[in-house]
Amino acid sequence: MSTLSQWEAFHSGADTVGVGHDVLTSWRRSKWSGIDPHDVPIPRVDVPDDSPFHRAATPVLLRMAEALADSSTSLALADRRGNVLWRWTSDRQLGRDLDDVDMVPGATFDEALVGTNGIGTALESGKLAVVIGADHYVGSFHRWACAAAPVRHPLTGRVLGAVNVTCRASEANQFFRWAAQSMADDVSGALRGDYTTRERRLYDAYLDARRHSSAPLVALDERTFIADEIASNLGLEHRTVWRTVRTLTSGTRFSLAPTLSAAVLRVDEHDLSAGAVLEIGVESTTAPVPSPSPAPAPEHLMHRHLSPLEVAEYGVIKAAMTAADGNKTAAAAQLEISRGTLYQKLDKYRLLDH
């Protein structure tokens, strides 16, 4: 069956066969977001004319544009919220056609707002997204093909935005998949050249701690926050933690949350502004703890043999969902993770119907 037939089957509630896992997962997220599958207005926002990310990325995209000058192709740069910062088209007609579907600077292609698309889905999944024709959740985008790749900060690993290649669906080929990933890698490399000495030093301290510890780790100073996968999902707020840590000496252990503590390792004992690495652990106390506290694992999860950190993560995620009144986009924003990551955690802890 064609992709269009599968798209129609999905929206009619029938079973789909042969749809790629990434596309089908994105369709489900889009459906949960309540997006109209036939047409959707594209939100508009004011975007900055200049930023460190924009400055590093534009030369990379312009070099790719030179190689694509004789094709019918468009390149775009978006920030981490899916807002288009910059666009280039190889010819005027293509530019006019993209204008008609609002693929312009200032347009927002957040998957939660406009459904499966290259930019939004790459940002949600954190990896290369190829969306061709009826792979798009919204029918009005079916004549387009997009390949987008997230750009990660070379120190913190956080997604800064995405680069995108667009062409007509009938002209899609393997090259535009390669072009998107290649540009993302090159932009990350350009950003690496902008490291400050302080950032390099903090990151080196984080890597050294990683080699000696299997515990969740955070490295931070006043401006930078680096966290591994587990620590990044514990709901830690950069400024709040830094206010506590900035004057503590190495070896100090302090409370991060009712059931979590952290041991401090200074990057430089003589320069507290250089930052610190935190090794996170679970408090082994039976004393009563103040509310709110991470909830214990419910009975339906006991068979999973959750670790103490997983129990803490379950409590943090459930609390965020409660505070957001079940709004997954709001909860993900509060936790500073993507909706895609949140859905994975909700599925893991059986909280999808929370």
Please report Rg (one decimal) and Dmax (integer) in Å for the Cα set of the stretch 26-160. 14.4, 40
In whole Å, largest first, what are the principal axis extents of the Cα atoms in the stretch 1-69? 46, 30, 19
Residue separation between residue 208 and residue 352 times 0.36 nm, minus their alpha-carbon distance, gives in nm 48.1 nm
Just to confirm my numbers, what's the Cα centroid distance between the stretch 127-193 and the stretch 8-83 in Å? 8 Å
Given charges at beta-carbon only (K, R positive; D, E negative), |dipole| of the chain in Debye: 520 debye
Show log10 I(q)/I(0) for the stretch 84-168 at q = 0.11, 0.21, 0.24 Å⁻¹, two decimals, from a solvent-free Debye sum over equal Cα scatterers. -0.28, -0.98, -1.24
Rounded to the nearest 10 degrees, what's the angle between the helix 174-192 long axis and the longest principal axis of the chain, both from Cα atoms, 0 to 90? 40 degrees
Quick check: pseudo-label points 7 Å beyond the Cα along Cα→Cβ at residue 174 and residue 50, how many nm apart are they? 4.2 nm
How large is the charge dipole for the stretch 19-91, taken about the Cα centre, if only the Cβ atoms of Lys, Arg (+1) and Asp, Glu (-1) carry charge, to the nearest 20 debye? 380 debye
Of every hundred units of 1.4 Å-probe accessible area on the chain, the number belonging to carbon and sulfur atoms, as a percent, is 50 percent
Space enclosed by the convex hull of the alpha-carbon atoms of the stretch 167-294, per residue, Å³: 172 Å³
What distance in nm separates the two pseudo spin-label positions at residue 329 and residue 101, each 7 Å out from Cα along the beta-carbon direction? 2.1 nm
Viscosity 0.692 mPa s, 37 °C: Kirkwood-radius Stokes-Einstein D of the chain over Cα pairs, µm²/s: 149 µm²/s
Partner aspartates and glutamates whose C-alpha sits under 19 Å from that of residue 318, ignoring same-chain residues fewer than 8 away, are 229, 237, 299, 310, 336, 347, 353
Report, in degrees rounded to the nearest 10, the 0 to 90 angle that the Cα long axis of helix 308-323 makes with the longest principal axis of the chain. 60 degrees
Cα-based Rg / Dmax (Å) for the stretch 187-258: 13.2, 41
Average projection area in nm² (convex hull over Cα atoms of the stretch 228-277, one quarter of hull surface): 3.5 nm²
Per-residue ellipticity at 222 nm attributable to helices in the chain (runs of n ≥ 4 DSSP H, -39500 (n - 2.57) apiece, nearest 500 deg cm²/dmol) works out to -12000 deg cm²/dmol
Given Cβ charges of +1 for Lys and Arg and -1 for Asp and Glu, the option among 76, 101, 338 whose Cα lies farthest towards the positive end of the dipole of the chain is 338
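The values are calculated or read from the model by the stated rules, or taken from the named source; none is laboratory data. Because the structure is predicted, anything quoted here is derived from the model rather than measured. Backbone-built Cβ (ideal geometry, glycine too); neighbour counts: all protein chains shown. Calculation scope for accessible area: heavy atoms of the full protein, side chains included, ligands and nucleic acids excluded. Shrake-Rupley method; radii C 1.70, N 1.55, O 1.52, S 1.80 Å.
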